[in-house]
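Before any comments, here is the structure.
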Amino acid sequence: MPDIGETLREARMRRRIDMAEVESATKIRAKYLRALENEEWDLLPGPTYVKTFLRSYADYLELDSRRLVDEYKRRYEHPRGGEAAPFGGLAPGRAQPRRKRNRRRGPGALGPVLVVGAIVIVLLAALYALGKLWPGSDSNPGEAVATPTPTATPTAKKRSNAAKQRRAARRRAAATAPIRVRLAATGDVYVCLVNAKGKALVAGQTLRAGERTASYRGKRFRVTLGTNAVQMVVDGKAYKVAASANPVGYELRSGHKPRRLSSGQLPACA
């Protein structure tokens with residue numbers, strides 16, 4: 001099969017999609033998308049991110065993401081050859097370490113032990129004297145010394161508030177970012193699709209099995225569907241339509257999953 005990066009690049013160029021549009025739809029930074037197309041795996045955070053980004057990018061381009069991920073695993077995640085260290089002990093030919101024989105210590109060996117013991121006694125006496133002279137050491141024996149409860153510093157509070165503000169900003173950006181919507185029929189289905197201003201983009205058209213609409217970009221859409229024989233593709237992710245004996249409708253918004261509409265909220269294209 002062709003190279004993974006070449007497959008992605010050709011699919012994107014064939015659909016005439018620029019990198020900024022892919023970045024907005026997949027939420028993957030442009031430098032990582034270019035790294036995927038150039039197969040510069042070392043520029044990506046790690047193998048897990050490579051497979052996640054590769055799957056999302058391929059789904060957006062309507063490629064077989066599973067096949068591309070399997071190809072990446074086959075080419076770049078095969079185990080490297082090498083000699084494994086034996087678990088049963090030392091390597092063959094290496095001599096076992098000799099055990100030192102215990103020798104009886106003579107009377108002269110007690111000299112260093114006595115010196116070390118004297119040093120320890122002197123240190124303990126010095127610490128005791130320091131404890132007596134230290135301010136506050138005359139407190140009642142057994143009286144617990146109150147330990148001040150650590151409080152959050154102003155810097156820590158500022159960092160926490162800044163992190164909350166960044167998360168809130170990301171949520172607001174996701175809620176206002178434009179989305180890309182496309183409908184793919186799996187059977188004959190009536191479709192009425194309008195944008196946020198109420199303009200009909202698909203004005204009461206019946207799609208046949210295998211047909212699909214153009215890809216529309218905007219912040220909010222409403223759709224009425226005659227049957228559930230259709231898939232809603234929002235930012236490259238497919239959503240199923242609930243089975244119903246009556247027409248069913250959905251609201252498609254940035255940062256939200258498709259929300260089913262009540263019968264009185266269905267858009268009409270008649």
The correct count of residues that are assigned to a loop (DSSP other than H, G, I, E, B) and touching a Pro at 6+ places or on another chain (Cβ under 6 Å) in the range 157-215 is 0
Before we move on, is residue 261 more than 30 Å from residue 23 (Cβ to Cβ), surrounded by 12 or more Cβ atoms within 10 Å (Cβ to Cβ) and among the hydrophobic types (A, V, I, L, M, F, W, C)? yes
Taking the stated definitions as given, is residue 196 surrounded by fewer than 19 Cβ atoms within 10 Å (Cβ to Cβ) and free of Cβ contacts under 8 Å to residues at least 60 places away in the same chain? yes
Within the range 224-244, how many residues turn out to be more than 28 Å from the chain's Cα centre (by Cα), surrounded by 15 or more Cβ atoms within 10 Å (Cβ to Cβ) and within 28 Å of residue 65 (Cα to Cα)? 3
Hits in the range 5-48 (condition: without any contact (Cβ under 8 Å) to a residue 24 or more places away in the chain, in a helix (DSSP H, G or I) and closer than 17 Å to residue 179 by Cα): 19, 20, 21, 23
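Where a number appears in this text, it was derived from the coordinates with a stated rule and is not lab data. What you see is a predicted model, and the numbers here were worked out from it, not measured in a lab. Because the Cβ atoms are built from the backbone with ideal geometry, glycine has one as well, and the counts that use them run over all protein chains shown.
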